[in-house]
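Quick notes on the structure that follows.
The values are calculated or read from the model by the stated rules, or taken from the named source; none is laboratory data. Only a predicted model underlies this, so the values are computations on that prediction, with no experimental measurement involved. Virtual Cβ from ideal backbone geometry, glycine too; neighbours counted across all protein chains shown.
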Amino acid sequence: MNLKYGDITFALELPAERLLGIIRPEAPAPAASPEDVITAALDRCAAIIGTFKPGEQVVIVTSDITRYTGSEIYLPLLVERLNAAGIRDRDIEILVALGIHRRQTEHEHRKIAGPLFGRIRITDHDCDDPGELAFIVRTSNGVDVEVNRRVVETDRVILTGTIGFHYFAGFGGGRKSILPGVAARKSCMASHFAVLNPGEGTGRNPRATTGVMEGNPVHQAMVEACAMVEPAFILNTVLDTQKRIIAAFAGHWRDAHEEGCRFYAERFAYPLREKADLVVVSCGGYPKDINVIQSHKSMEYGSQALKEGGVMVLLAQCRDGYGNATFFDWFRYQDLTAFESRLRSHYEINGQTAYSLLQKAQRFRIILVSDLPPEEVLTMGMTPARSLDEAMAKAMETLPKDYTAYVIPEGGTVLPVTEKQ
């Protein structure tokens, strides 16, 4: 079996009697062309679009380049519907939901907008420009939400993006286009801080986790913020591991999103008979393993298939390092209690990811195959390796002779779940 690592592959051989299974999503092949899938979804919104009036201003929110959504396919089809309803090009604006990410380049805008580039105005959200922000709500869990004025002052807002698992918001897509997508930096931070239980030393809220929305405080804050914006409708895609559009969901911003999440969970969650002593996980190669922060998703999902104290071999090249300038600095806190205390007093979203990584590094033995300096891998609580063969040799040093194993070739797209989960 070949597993991706950056732009290359490593060959893995495991005895058949040790292998419990290869964990892959049960995603169907596309049953229709991407255009037909999007057209069918938009047909469900025909009545809503029919209420749009000529002269109304429309803002379409879409994801940045870090989250491929198929926007170059669905945005032109969406704008075509708006034009047919009498909405002129000059009254439409595409707002890129950067959250706290960097601005996009012209080349990236071209990739996002596709054939609409140069025809429809495209603007990057700026989470740090107070003149561009407006307060909309204090959520029930105390998050003060400011968002881009464009989604407050326009006549109609349409949210677009893609649905997938999210390691503490439950799922991406839908309401997440507003918070954190077009929110102020402090609102993003506050909503993500809700992942922690109230009170010093109480740790992470167990409901703020992958695939869970009910009772999830992060999801709840996002929902309350989105409700204040009152989007006209959403259009969210579902992609397979090859980034092909296999489904699309359009309609009421909450109902259509929940329908899409159910579809995704049924096809991208993998039921486990039992957990294993060893899990070998590939992020899926570049760009899914471009840095530690991106690779953490595969680590998080893969750990769900691992026995307490088990061994994970993670293939994550991390050619661009950590993904954030301050991420590695958090590992000066090796004690989780001290780490949590610092996180509560000086919260950073990337600090939260570092905290989650260290939690897993202390629960399991994680052998990281990467291009990172070995001493830095050790500082993060993991065991460094330069190849899969080296990592497997190190794994065998501590595994029992009758060990069991899973292999996950696309770690960031499939969630192992037990019957209890």
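Checking the conditions here, which among Phe331, Phe263, Phe268, Phe339 is farther than 20 Å from Thr66 by Cβ, in contact with a Ser or Thr (Cβ under 7 Å, 6 or more places away or on another chain) and among the aromatic types (Phe, Trp, Tyr)?
Details: Phe263 fails: in contact with a Ser or Thr (Cβ under 7 Å, 6 or more places away or on another chain); Phe268 fails: farther than 20 Å from Thr66 by Cβ; Phe339 fails: in contact with a Ser or Thr (Cβ under 7 Å, 6 or more places away or on another chain).
So the residue among Phe331, Phe263, Phe268, Phe339 that is farther than 20 Å from Thr66 by Cβ, in contact with a Ser or Thr (Cβ under 7 Å, 6 or more places away or on another chain) and among the aromatic types (Phe, Trp, Tyr) is Phe331.
Take the conditions over 15 Å from Ile234 (Cβ atoms), β-branched (Val, Ile, Thr) and without any contact (Cβ under 8 Å) to a residue 40 or more places away in the chain and apply them to Thr9. Does it pass?
Working: over 15 Å from Ile234 (Cβ atoms): yes; β-branched (Val, Ile, Thr): yes; without any contact (Cβ under 8 Å) to a residue 40 or more places away in the chain: no.
Taking the combined requirement at face value, the residue does not satisfy it.
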key: Leading residue by the ranking (nearest to Glu224 (Cα to Cα)) among those in region 147-169 that are modelled with pLDDT under 95 and outside any loop (DSSP other than H, G, I, E, B)   = His166
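Matching residues to (1) of a type outside the set (Phe, Trp, Tyr); (2) more than 26 Å from the chain's Cα centre (by Cα); (3) crowded, with 19+ Cβ neighbours inside 10 Å:
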| site | (1), (2), (3) |
| --- | --- |
| Leu358 | yes, no, yes |
| Ile366 | yes, no, yes |
| Val369 | yes, no, yes |
| Pro373 | yes, yes, no |
| Glu376 | yes, no, no |
| Ala391 | yes, yes, yes |
| Ala395 | yes, yes, yes |
| Tyr403 | no, yes, no |
task = State whether the residues of region 203-213 include one that is polar (S, T, N, Q), under 16 Å from the mean Cα position of the chain (by Cα) and modelled with pLDDT of 95 or more.
result = no
task = Within region 116-138, identify whether any single residue is crowded, with 24+ Cβ neighbours inside 10 Å and closer than 25 Å to Leu82 by Cα, and answer yes or no.
result = yes
query = Since Gly172 meets every condition but one in (1) over 30 Å from Gln242 (Cβ atoms); (2) touching a Ser or Thr at 6+ places or on another chain (Cβ under 9 Å); (3) small (Gly, Ala, Ser), which condition does it not meet?
reply = (1)
query = Would you say Ala338 is in the same structural domain as Leu12 (by TED's automatic domain parsing) and either closer than 27 Å to Val417 by Cβ or surrounded by fewer than 21 Cβ atoms within 10 Å (Cβ to Cβ) (or both)?
reply = yes
